[in-house]
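The values are calculated or read from the model by the stated rules, or taken from the named source; none is laboratory data. As the structure is a prediction and not an experimental result, all values here were calculated from the model. Cβ placement follows ideal geometry from the backbone for every residue including glycine, while neighbour counts extend to all protein chains displayed.
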Amino acid sequence: MSRMRREFAFNTIAAPMAASCSRRRGCAFLDYDSDGWQDILLVNGMDWPGHPLAPPGANKRQRSTLQLYRNNRNGTFTDVTRNAGLDIEMYGMGVAIGDYNNDGFPDIFITCVGQSRLFRNTGKGTFVDATRSSGLFGHPGFSTSALWFDYDRNGFLDLFVCNYVRWSPEHDVFCSLDGSHKSYCTPEAYRGDTCWLFHNRGNGTFEDVTATSGIFDSSSKCSHVRLRPGWLAGLAGRQRHAA
Ligand SMILES: [Ca+2]
Ligand SMILES: [Ca+2]
């Protein structure tokens, strides 16, 4: 056996993106304009109301939105967030890409703290918020991740959404490592929350089938979801914390 070690090096090309993206969460490659070149979507959170201005001394709150970068086909990307209609603030956590209306253009589902959002691709380089018109509005949660998959094989992608724990600013729990200063709590400090399954009716709308499908579990604390290769069933994972 050769003892030669193969070493690899990667050059960063993300500096222009990182400059304005301090609250980065999920990200995705998608060819939103169907030109055959993968584009990049970055998910951001945002400050809570009353959060101290950053950087200190600033007199204006920094906006933090989704960010979409179009592939220029030459190794560079252009920020097209505003022109694409995605210049929107939210407490974003994750992203799932899928063509839920089978028009050939990938659509975007953003999991959020609060109301998650569905953005329909118009096929003209822009997106429209379809959260309400699709029937997905009215489901606030601590939604961490999501998955598109056709569980009933009717030809339309259905949507599985992971929820972490029951939490809101109004019902926060004080945890501390030193007995005085507030720190992040482990999931054990909170009640769980069920994941959701939304059935795609095939007409641009979804119905909540969480209960009828057997998905409902109010003790769940789900941080991520993935499909096992060759399996229809998804695998929802619980975040583990060291004791
Ligand atoms: Ca593209
Ligand atoms: Ca679509």
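Here are some notes:
- Of the residues screened, L147 is not one that is within 20 Å of the chain's Cα centre (by Cα), of a type in the set (A, V, I, L, M) and at pLDDT 95 or above.
- Selected residue [touching a residue at least 24 places away in the same chain (Cβ under 8 Å) and assigned to a loop (DSSP other than H, G, I, E, B)] from S218, S145: S218
- Subset of segment 166-183 (residues that are assigned to a loop (DSSP other than H, G, I, E, B), polar (S, T, N, Q) and surrounded by 10 or more Cβ atoms within 10 Å (Cβ to Cβ)): S168
- Test for L68: is it within 13 Å of ligand 1 (Cβ to nearest atom), of a type in the set (A, V, I, L, M) and at pLDDT 65 or above: yes
- Filter result (among the polar types (S, T, N, Q) and either more than 19 Å from V209 (Cβ to Cβ) or surrounded by 22 or more Cβ atoms within 10 Å (Cβ to Cβ) (or both)) within segment 134-165: S134, S143, T144, S145, N163
- Of the residues making up segment 191-199, one or more are at pLDDT below 95 and surrounded by fewer than 15 Cβ atoms within 10 Å (Cβ to Cβ).
- Segment 115-142: number of residues that are touching a residue at least 40 places away in the same chain (Cβ under 8 Å) and β-branched (V, I, T): 2
- Residues located in segment 71-94, provided they are among the β-branched types (V, I, T), modelled with pLDDT of 95 or more and either assigned to a loop (DSSP other than H, G, I, E, B) or buried (at least 19 other Cβ atoms within 10 Å of the Cβ) (or both): T76, V80, T81
- Filter result for G57 (within 16 Å of ligand 1 (Cβ to nearest atom) and either in a loop (DSSP other than H, G, I, E, B) or modelled with pLDDT under 90 (or both)): no
- Any hit, segment 130-149, residues being within 16 Å of ligand 1 (Cβ to nearest atom), touching an Asp or Glu at 6+ places or on another chain (Cβ under 9 Å) and not hydroxyl-bearing (S, T, Y): no
- Within segment 102-120, the set of residues being assigned to a strand (DSSP E or B), out of contact with any Leu (no Cβ under 9 Å at 6 or more places or on another chain) and within 16 Å of ligand 1 (Cβ to nearest atom) is empty.
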